[in-house]
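Data first, discussion second: the structure below is written as structure tokens.
Throughout, read-outs are computed from the coordinates displayed, never taken from laboratory work. The structure presented is a predicted model; accordingly, all values stated were derived computationally and were not measured. Cβ placement follows ideal geometry from the backbone for every residue including glycine, while neighbour counts extend to all protein chains displayed.
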Amino acid sequence: MKIIVTGGAGFIGSAVVRRAIADGHQVVNLDKLTYSANLENVAAVAGNPGYAFEQADICDEAAVRTIFAKHQPDAVMHLAAESHNDRAIEGPMDFVKTNVVGTAVLLEAARSYWTGLEGAAKDAFRFHHISTDEVFGALGETGDFTEETPYDPNSPYSASKAGADHLVRAWHRTFGLPMVLTNTSNNYGPHQFPEKLIPTVITRALEGKTIPVYGDGRQVRDWLYVDDHAEALLLVLQKGRLGETYCIGGDSSKRNLEVIQILCEAMDRLAPGNTPHADKITYVTDRPGHDFRYSIDDQKVKKELGWTAKHTLDQGMADTVAWYVDNRAWIDGIRERGFQSERLGLVKA
């Protein structure tokens, strides 16, 4: 299968690219190469004859249509997105443009291409939209998100992703574009840009900086190791029922403060400092509109497709810390591009 992967130089996208190539698929990596993208993330497969890279913006209709015509894909896996909540607070229109308008442009290019296919090629084509559990809003102390949970986004980021989800379903229902959609919990693992919680903690600890905790740190997230997610996404692409949504989780819910403490303990073992890393924990002003709790019921993908996450949280966290400790040059490269784990997302008075 030849797959266009949008955002394939990003965190989750690059894991999908690496897994798809390992599974014997051909991949066209379509990426704009914004601040969080990094071609080093796919360096291990860049020389593979089944891999191709196209630098383009998904909002650029002409460029996207040219890529479809040139590569003649069998499927699209759409991961390109602005994804960091703090940045969405500082610049929400970038999220609307990329996540909503960009998705619409991609859908139209895919529809035009698919309409021109014939026979088995047309029947086999798939558009897989990868989304987030944040579109469902926030949970209280109990309950789980399911595929039937009503949408209730609370942030510019989650609202833009919800809009994209609705567009994908509309293109399926109105035009018949064959699609599947997935909503996932918080991903973590190697190659994640150090603006999200887990790589922020690890990289700042390595550099002897303070470790910020938003609010009281009681927010709960379900954590999913990125390689497990990549496996699930490719399975849904190939075996998921058309028009269906699948929730993908890690069955590993923890409060943010607990996650930070686990990471600090791992750092104490793998990269000890003069004092325990937990001594660097500092409580900072919470993010506006910070959802309290997310938790996913992923029974549908387990029962229908036989998928289950392979990494426990303890194993995944240890592997993630070890990767960052062993790949400090990767972190240095990001710092050289100007990112210093600065705080974003505070509403200005």
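Tabulated data for the structure shown
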{"read-out": "Antiparallel content of DSSP bridges confined to the chain, in %, to 5", "value": "10"}
{"read-out": "Full-extension gain in nm, T115 to E265, via 0.36 nm per residue minus C-alpha separation", "value": "48.6 nm"}
{"read-out": "Backbone HN-Hα couplings from phi across segment 212-228 [Karplus 6.51/-1.76/1.60, Hz, Gly and Pro as x]", "value": "x, 10, 6, x, 9, x, 8, 4, 10, 10, 9, 9, 10, 5, 4, 5, 5"}
{"read-out": "Among L117, L235, L305: highest mean-square fluctuation, GNM of the chain, C-alpha pairs under 10 Å", "value": "L117"}
{"read-out": "Protection proxy ranking of 182-190, 202-210 - average other beta-carbon atoms within 10 Å, highest first", "value": "182-190, 202-210"}
{"read-out": "Ranked packing of 16-26, 133-143, most packed first, by mean Cβ within 10 Å", "value": "16-26, 133-143"}
{"read-out": "Highest-first arrangement of 333-342, 38-47, where packing means the average Cβ count within 10 Å", "value": "38-47, 333-342"}
{"read-out": "Cα extents of segment 140-191 along the three principal axes, largest first (Å)", "value": "39, 31, 21"}
{"read-out": "For G10, distant residues with modelled amide H under 5 Å away", "value": "N38"}
{"read-out": "Three-way shape call for segment 41-108 based on the alpha-carbon gyration tensor, with the a/c threshold at 1.5", "value": "oblate"}
{"read-out": "Neighbourhood net charge (11 Å Cβ-Cβ; Lys/Arg +1, Asp/Glu -1) for E207", "value": "+4"}
{"read-out": "Environment charge at E147 (Cβ cut-off 10 Å; Lys +1, Arg +1, Asp -1, Glu -1)", "value": "-3"}
{"read-out": "Exposure proxy ranking, count of Cβ atoms within 10 Å, fewest first, for M317, M1", "value": "M1, M317"}
{"read-out": "Entry for mean projected area of the Cα convex hull in nm² (calculated from the structure that is shown) out of (i) 17.0; (ii) 28.2; (iii) 15.9", "value": "(i)"}
{"read-out": "Selected from D332, D94, D57 as most flexible by GNM, with the chain as the system and alpha-carbon contacts under 10 Å", "value": "D332"}
{"read-out": "For I248, distant residues with modelled amide H under 5 Å away", "value": "N183, T184, S185"}
{"read-out": "Karplus-derived 3J(HN,Hα), 6.51/-1.76/1.60, for each residue of segment 315-332, Hz, glycine and proline x", "value": "5, x, 5, 4, 5, 5, 4, 4, 5, 5, 4, 7, 10, 5, 5, 5, 5, 4"}
{"read-out": "Amide proton proximity set for L224, modelled H, under 5 Å, gap of 5+", "value": "N186, N187, Y188"}
{"read-out": "Integer Hz, Karplus 6.51/-1.76/1.60 couplings in order for segment 284-297, x for Gly and Pro", "value": "10, 4, 5, 6, x, x, 5, 5, 6, 8, 10, 7, 10, 9"}
{"read-out": "Dimensionless Rg over Rh [segment 95-147; C-alpha; Kirkwood]", "value": "1.17"}
